[in-house]
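These notes are about the structure you will find just below.
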Amino acid sequence: MIEVEKDAVVVGGGPSGLAAATRLAELGYKVAVVELGDELGGILIQCIHDGFGTKLFGKALSGPEFASIFIEKLGELGVESWTRTYVARVRAEGGSWVLTAVSPEGVYRFSCRAVVYATGCRERTPFEIRVGGTRPAGVYTAGLVQRLVNLYGVLPGKKVLIVGGGDVGMIVARHLYLEGVEELQIVFPEPWFAGLPRNVQQCVLDFGIPFRPRTVVKEIVGKE
Ligand SMILES: Cc1cc2nc3c(=O)[nH]c(=O)nc-3n(C[C@H](O)[C@H](O)[C@H](O)COP(=O)(O)OP(=O)(O)OC[C@H]3O[C@@H](n4cnc5c(N)ncnc54)[C@H](O)[C@@H]3O)c2cc1C
(Lines give C-alpha, C1' and ligand atoms only; values in the text may rest on other atoms or scores of the structure.)
Protein backbone atom coordinates (compact mmCIF):
# COMPACT_ATOMS: atom_id res chain seq x y z
CA MET A 1 0.00 0.00 0.00
CA ILE A 2 1.42 3.42 -1.01
CA GLU A 3 0.56 6.13 1.57
CA VAL A 4 -0.02 9.78 0.56
CA GLU A 5 -1.09 12.61 2.88
CA LYS A 6 -2.62 15.85 1.61
CA ASP A 7 -4.96 18.60 2.80
CA ALA A 8 -7.38 17.84 -0.05
CA VAL A 9 -7.80 15.16 -2.69
CA VAL A 10 -9.67 15.95 -5.90
CA VAL A 11 -11.19 12.87 -7.51
CA GLY A 12 -11.40 13.39 -11.28
CA GLY A 13 -9.11 15.45 -13.49
CA GLY A 14 -11.70 16.98 -15.83
CA PRO A 15 -12.27 20.75 -16.05
CA SER A 16 -14.15 20.80 -12.72
CA GLY A 17 -11.42 18.90 -10.89
CA LEU A 18 -8.65 20.99 -12.47
CA ALA A 19 -10.41 24.24 -11.52
CA ALA A 20 -11.05 23.06 -7.95
CA ALA A 21 -7.45 21.88 -7.50
CA THR A 22 -6.08 25.16 -8.87
CA ARG A 23 -8.18 27.24 -6.49
CA LEU A 24 -7.34 25.10 -3.45
CA ALA A 25 -3.63 25.27 -4.22
CA GLU A 26 -3.86 29.05 -4.71
CA LEU A 27 -5.35 29.22 -1.22
CA GLY A 28 -2.30 27.41 0.12
CA TYR A 29 -3.59 23.86 0.54
CA LYS A 30 -1.59 20.77 -0.38
CA VAL A 31 -3.64 19.08 -3.09
CA ALA A 32 -3.64 15.81 -5.03
CA VAL A 33 -5.62 15.15 -8.20
CA VAL A 34 -6.50 11.52 -8.89
CA GLU A 35 -7.66 10.65 -12.40
CA LEU A 36 -8.54 7.27 -13.82
CA GLY A 37 -7.81 8.19 -17.45
CA ASP A 38 -4.39 8.17 -19.12
CA GLU A 39 -4.12 11.95 -18.85
CA LEU A 40 -5.72 14.91 -17.13
CA GLY A 41 -8.48 16.85 -18.90
CA GLY A 42 -11.58 14.65 -18.74
CA ILE A 43 -13.93 15.12 -21.68
CA LEU A 44 -11.85 18.10 -22.88
CA ILE A 45 -9.20 15.72 -24.26
CA GLN A 46 -11.54 14.46 -26.98
CA CYS A 47 -13.04 17.90 -27.80
CA ILE A 48 -10.57 18.84 -30.54
CA HIS A 49 -12.85 21.59 -31.89
CA ASP A 50 -12.42 25.14 -30.65
CA GLY A 51 -14.80 27.33 -28.63
CA PHE A 52 -13.35 26.76 -25.16
CA GLY A 53 -11.85 29.63 -23.19
CA THR A 54 -13.70 32.51 -24.82
CA LYS A 55 -14.99 33.79 -21.47
CA LEU A 56 -11.99 32.92 -19.29
CA PHE A 57 -9.10 33.68 -21.64
CA GLY A 58 -10.75 35.80 -24.35
CA LYS A 59 -9.78 33.37 -27.14
CA ALA A 60 -11.25 30.27 -28.76
CA LEU A 61 -9.20 27.24 -27.70
CA SER A 62 -9.61 23.53 -28.35
CA GLY A 63 -10.42 21.30 -25.37
CA PRO A 64 -6.83 19.99 -24.98
CA GLU A 65 -5.42 23.55 -25.27
CA PHE A 66 -7.84 24.75 -22.58
CA ALA A 67 -6.93 21.83 -20.31
CA SER A 68 -3.20 22.37 -20.82
CA ILE A 69 -3.41 25.88 -19.34
CA PHE A 70 -4.81 24.43 -16.11
CA ILE A 71 -2.39 21.51 -16.10
CA GLU A 72 0.58 23.88 -16.45
CA LYS A 73 -0.81 26.03 -13.64
CA LEU A 74 -1.14 22.97 -11.39
CA GLY A 75 2.52 22.19 -12.02
CA GLU A 76 3.51 25.75 -11.07
CA LEU A 77 1.43 25.49 -7.89
CA GLY A 78 3.06 22.18 -6.94
CA VAL A 79 -0.12 20.11 -7.16
CA GLU A 80 0.67 16.42 -7.51
CA SER A 81 -1.47 14.34 -9.83
CA TRP A 82 -1.96 10.65 -10.40
CA THR A 83 -3.36 9.35 -13.68
CA ARG A 84 -4.51 5.79 -14.49
CA THR A 85 -5.58 5.71 -10.86
CA TYR A 86 -9.12 4.76 -9.93
CA VAL A 87 -10.61 5.85 -6.61
CA ALA A 88 -12.51 2.80 -5.50
CA ARG A 89 -13.44 3.71 -1.91
CA VAL A 90 -13.79 6.78 0.29
CA ARG A 91 -14.40 6.52 4.02
CA ALA A 92 -14.04 8.50 7.23
CA GLU A 93 -11.31 7.30 9.58
CA GLY A 94 -10.27 9.02 12.83
CA GLY A 95 -11.20 12.54 11.73
CA SER A 96 -9.72 12.22 8.21
CA TRP A 97 -10.94 10.97 4.89
CA VAL A 98 -9.22 7.91 3.53
CA LEU A 99 -9.39 7.12 -0.18
CA THR A 100 -8.36 3.76 -1.54
CA ALA A 101 -7.21 3.98 -5.16
CA VAL A 102 -5.96 1.38 -7.61
CA SER A 103 -3.28 2.05 -10.21
CA PRO A 104 -0.78 0.02 -12.27
CA GLU A 105 1.84 0.85 -9.59
CA GLY A 106 -0.27 -0.70 -6.87
CA VAL A 107 -2.86 0.32 -4.30
CA TYR A 108 -2.77 3.86 -2.89
CA ARG A 109 -4.14 5.09 0.41
CA PHE A 110 -4.72 8.86 0.33
CA SER A 111 -5.43 10.58 3.70
CA CYS A 112 -6.81 14.11 3.67
CA ARG A 113 -9.06 16.61 5.42
CA ALA A 114 -11.31 17.29 2.41
CA VAL A 115 -12.37 15.35 -0.67
CA VAL A 116 -13.66 17.05 -3.84
CA TYR A 117 -15.71 14.77 -6.03
CA ALA A 118 -15.39 15.93 -9.65
CA THR A 119 -16.09 12.67 -11.43
CA GLY A 120 -18.30 14.09 -14.21
CA CYS A 121 -21.37 12.32 -15.48
CA ARG A 122 -22.15 9.28 -17.56
CA GLU A 123 -23.95 9.25 -20.90
CA ARG A 124 -27.18 7.26 -20.98
CA THR A 125 -27.76 4.31 -23.28
CA PRO A 126 -30.77 4.06 -25.68
CA PHE A 127 -32.58 1.92 -23.13
CA GLU A 128 -32.08 4.45 -20.38
CA ILE A 129 -33.69 7.11 -22.59
CA ARG A 130 -36.54 4.70 -23.37
CA VAL A 131 -35.78 3.81 -26.96
CA GLY A 132 -36.96 0.23 -27.45
CA GLY A 133 -35.94 -2.50 -29.87
CA THR A 134 -33.13 -5.01 -30.00
CA ARG A 135 -29.56 -4.14 -29.17
CA PRO A 136 -27.61 -4.15 -32.43
CA ALA A 137 -23.95 -3.30 -32.65
CA GLY A 138 -23.35 0.17 -34.03
CA VAL A 139 -25.46 2.15 -31.55
CA TYR A 140 -23.07 4.57 -29.84
CA THR A 141 -23.29 7.47 -27.46
CA ALA A 142 -21.98 10.75 -28.87
CA GLY A 143 -19.11 10.73 -26.39
CA LEU A 144 -17.93 7.32 -27.52
CA VAL A 145 -18.07 8.32 -31.20
CA GLN A 146 -16.15 11.49 -30.43
CA ARG A 147 -13.50 9.47 -28.62
CA LEU A 148 -13.21 6.86 -31.41
CA VAL A 149 -12.98 9.44 -34.20
CA ASN A 150 -10.93 12.18 -32.54
CA LEU A 151 -8.53 10.13 -30.44
CA TYR A 152 -8.27 6.76 -32.21
CA GLY A 153 -9.05 7.69 -35.83
CA VAL A 154 -11.80 5.06 -36.10
CA LEU A 155 -15.09 5.77 -37.89
CA PRO A 156 -18.22 4.21 -36.35
CA GLY A 157 -19.59 3.45 -39.85
CA LYS A 158 -20.17 4.84 -43.35
CA LYS A 159 -23.84 5.61 -42.82
CA VAL A 160 -24.68 7.43 -39.62
CA LEU A 161 -27.91 8.74 -38.10
CA ILE A 162 -27.40 11.21 -35.26
CA VAL A 163 -30.25 11.39 -32.79
CA GLY A 164 -30.37 14.79 -31.07
CA GLY A 165 -29.93 18.34 -32.30
CA GLY A 166 -27.91 19.76 -29.39
CA ASP A 167 -24.37 21.13 -29.57
CA VAL A 168 -22.66 17.78 -29.10
CA GLY A 169 -24.74 16.13 -31.86
CA MET A 170 -23.94 18.93 -34.28
CA ILE A 171 -20.22 19.01 -33.46
CA VAL A 172 -19.96 15.22 -33.85
CA ALA A 173 -21.88 15.45 -37.17
CA ARG A 174 -19.32 17.93 -38.53
CA HIS A 175 -16.42 15.66 -37.53
CA LEU A 176 -18.03 12.66 -39.17
CA TYR A 177 -18.71 14.67 -42.32
CA LEU A 178 -15.10 15.87 -42.49
CA GLU A 179 -13.82 12.34 -41.88
CA GLY A 180 -15.74 11.06 -44.89
CA VAL A 181 -18.94 9.46 -43.63
CA GLU A 182 -20.98 8.87 -46.81
CA GLU A 183 -24.52 9.22 -45.52
CA LEU A 184 -25.26 11.40 -42.55
CA GLN A 185 -28.46 12.80 -41.11
CA ILE A 186 -29.44 14.46 -37.83
CA VAL A 187 -32.92 13.95 -36.37
CA PHE A 188 -34.42 15.64 -33.32
CA PRO A 189 -37.90 16.01 -31.79
CA GLU A 190 -37.95 19.81 -31.47
CA PRO A 191 -39.02 22.18 -34.29
CA TRP A 192 -35.42 23.48 -34.52
CA PHE A 193 -31.95 22.61 -33.21
CA ALA A 194 -31.56 22.89 -29.43
CA GLY A 195 -27.89 23.97 -29.62
CA LEU A 196 -26.19 27.30 -30.20
CA PRO A 197 -27.04 29.19 -33.43
CA ARG A 198 -23.26 29.38 -34.06
CA ASN A 199 -23.06 25.58 -34.12
CA VAL A 200 -26.15 25.27 -36.33
CA GLN A 201 -24.42 27.51 -38.88
CA GLN A 202 -20.82 26.28 -38.57
CA CYS A 203 -21.43 22.58 -38.04
CA VAL A 204 -24.60 21.82 -40.03
CA LEU A 205 -25.67 24.50 -42.53
CA ASP A 206 -22.15 25.34 -43.78
CA PHE A 207 -21.62 21.67 -44.74
CA GLY A 208 -25.16 21.03 -46.00
CA ILE A 209 -25.66 18.14 -43.56
CA PRO A 210 -29.27 16.93 -43.88
CA PHE A 211 -31.50 17.11 -40.80
CA ARG A 212 -35.06 16.27 -39.87
CA PRO A 213 -36.83 18.20 -37.08
CA ARG A 214 -39.96 16.97 -35.21
CA THR A 215 -38.70 13.38 -35.46
CA VAL A 216 -38.68 10.97 -32.53
CA VAL A 217 -36.81 7.64 -32.60
CA LYS A 218 -39.07 5.01 -31.00
CA GLU A 219 -37.24 1.82 -31.74
CA ILE A 220 -33.84 0.64 -32.97
CA VAL A 221 -33.83 -2.82 -34.53
CA GLY A 222 -30.90 -4.85 -35.81
CA LYS A 223 -29.44 -8.33 -36.02
CA GLU A 224 -25.89 -8.07 -34.77
C1 LIG B 1 -19.34 14.12 -26.01
C2 LIG B 1 -19.27 15.40 -25.23
C3 LIG B 1 -18.91 16.57 -25.90
C4 LIG B 1 -18.86 17.79 -25.22
N5 LIG B 1 -18.54 18.91 -25.91
C6 LIG B 1 -18.47 20.09 -25.25
C7 LIG B 1 -18.12 21.29 -25.93
O8 LIG B 1 -17.88 21.28 -27.13
N9 LIG B 1 -18.08 22.45 -25.22
C10 LIG B 1 -18.36 22.48 -23.87
O11 LIG B 1 -18.29 23.55 -23.26
N12 LIG B 1 -18.70 21.36 -23.22
C13 LIG B 1 -18.77 20.18 -23.87
N14 LIG B 1 -19.15 19.06 -23.21
C15 LIG B 1 -19.47 19.17 -21.82
C16 LIG B 1 -18.19 19.19 -21.00
O17 LIG B 1 -17.31 18.22 -21.49
C18 LIG B 1 -18.54 18.89 -19.56
O19 LIG B 1 -19.42 19.90 -19.11
C20 LIG B 1 -17.26 18.88 -18.73
O21 LIG B 1 -16.30 17.98 -19.24
C22 LIG B 1 -17.62 18.48 -17.32
O23 LIG B 1 -16.43 18.51 -16.58
P24 LIG B 1 -16.21 17.56 -15.34
O25 LIG B 1 -14.83 17.84 -14.85
O26 LIG B 1 -17.36 17.72 -14.42
O27 LIG B 1 -16.34 16.07 -15.92
P28 LIG B 1 -15.41 15.22 -16.92
O29 LIG B 1 -14.81 16.07 -17.99
O30 LIG B 1 -16.25 14.07 -17.35
O31 LIG B 1 -14.24 14.71 -15.97
C32 LIG B 1 -14.46 13.78 -14.93
C33 LIG B 1 -13.20 12.98 -14.76
O34 LIG B 1 -13.33 12.16 -13.60
C35 LIG B 1 -12.67 10.93 -13.85
N36 LIG B 1 -13.19 9.94 -12.91
C37 LIG B 1 -14.47 9.47 -12.82
N38 LIG B 1 -14.57 8.58 -11.82
C39 LIG B 1 -13.32 8.48 -11.26
C40 LIG B 1 -12.77 7.70 -10.18
N41 LIG B 1 -13.54 6.88 -9.45
N42 LIG B 1 -11.45 7.83 -9.91
C43 LIG B 1 -10.67 8.68 -10.61
N44 LIG B 1 -11.14 9.44 -11.64
C45 LIG B 1 -12.44 9.34 -11.95
C46 LIG B 1 -13.00 10.64 -15.31
O47 LIG B 1 -12.07 9.74 -15.89
C48 LIG B 1 -12.93 12.04 -15.93
O49 LIG B 1 -11.65 12.33 -16.48
C50 LIG B 1 -19.19 17.83 -23.86
C51 LIG B 1 -19.53 16.65 -23.20
C52 LIG B 1 -19.58 15.44 -23.86
C53 LIG B 1 -19.97 14.19 -23.13
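The values are calculated or read from the model by the stated rules, or taken from the named source; none is laboratory data. This structure is a prediction, so every number in the text was calculated from the model and none was measured. Don't worry about glycine lacking a Cβ; one is built from the backbone with ideal geometry, like all the others, and counts go over all protein chains shown. For the accessible areas, the whole protein counts, side chains as well, though only heavy atoms, and no ligand, DNA or RNA atoms are used. Shrake-Rupley method; radii C 1.70, N 1.55, O 1.52, S 1.80 Å.
Given a 1.4 Å probe and the protein chains as shown, Trp192 ends up with an accessible area of around 120 Å². With the whole protein complex present, Arg198 retains an accessible surface near 110 Å², based on a 1.4 Å probe. Potential lengthening of the chain between Thr100 and Arg113 amounts to 3.2 nm, from the contour at 0.36 nm per residue minus the alpha-carbon distance.
Using amide H atoms built in the peptide plane, which far-off residues or other-chain residues are under 5 Å from Gly41 H to H? When sequence neighbours closer than 5 places are left aside, the close amide H contacts are Gly13, Gly14. Sequence-distant contacts, meaning Cα pairs under 8 Å at least 6 residues apart, place the relative contact order of the chain at 18 percent. Of the listed residues Cys203, Cys121, the order by accessible area with a 1.4 Å probe, largest first, is Cys121, Cys203.
Available extension along the chain between Glu179 and Arg23 is 52.3 nm, counting 0.36 nm per residue and deducting the alpha carbon span. Here the Gaussian network model covers the chain, with springs between Cα atoms less than 10 Å apart; of Gly95, Gly78, Gly41, Gly95 fluctuates the most. Annotation: amide H-H contacts under 5 Å for Val33 (H modelled 1.01 Å from N, sequence separation of 5 or more, or interchain): Val10, Glu80, Ser81, Trp82. In order along segment 72-89, the phi-based Karplus estimate (6.51 cos²θ - 1.76 cosθ + 1.60, θ = phi - 60°) of 3J(HN,Hα) comes to 4, 4, 4, x, 4, 7, x, 7, 8, 10, 10, 10, 6, 10, 9, 7, 9, 8 Hz; Gly and Pro are listed as x. Note on Tyr108: accessible area is roughly 20 Å² with a 1.4 Å probe, heavy atoms of protein only.
For a straight C-alpha distance cut-off of 14 angstrom, the aspartates and glutamates reachable from Lys59 (same-chain residues fewer than eight places away being disregarded) are Asp50. Out of every Cα-Cα pair that the chain contains, those further apart than 26 angstrom amount to 48 percent.
Comparing mean-square fluctuations of Leu155, Leu40, Leu178 from a GNM of the chain with C-alpha springs under 10 Å, the top value falls on Leu178.
When Thr134, Thr22 are compared by accessible surface with a 1.4 Å probe, the order from highest to lowest is Thr134, Thr22.
Here the chain carries DSSP beta bridges of which approximately 40% are antiparallel, counting only pairs with both residues inside.
Highest mean packing comes first when the peptides 31-38, 56-63 are listed by Cβ atoms within 10 Å, giving 31-38, 56-63. FRET efficiency for the Lys30 to Cys121 pair, using the beta carbon distance and R₀ = 30 Å, is estimated at 0.60. Proximity of backbone amide H atoms, modeled 1.01 Å from N, is registered between Ile186 and Ile162, Phe211, Arg212 at under 5 Å, excluding neighbours fewer than 5 places apart on the same chain.
Largest accessible area first, the listed residues Arg91, Arg130, Arg212 line up as Arg130, Arg212, Arg91 when surface is computed with a 1.4 Å probe on the assembled protein chains. Bridgeable aspartates and glutamates around Lys159 (alpha carbons under 19 Å apart, same-chain partners fewer than 8 residues away excluded): Glu179, Glu182, Glu183, Glu219, Glu224.
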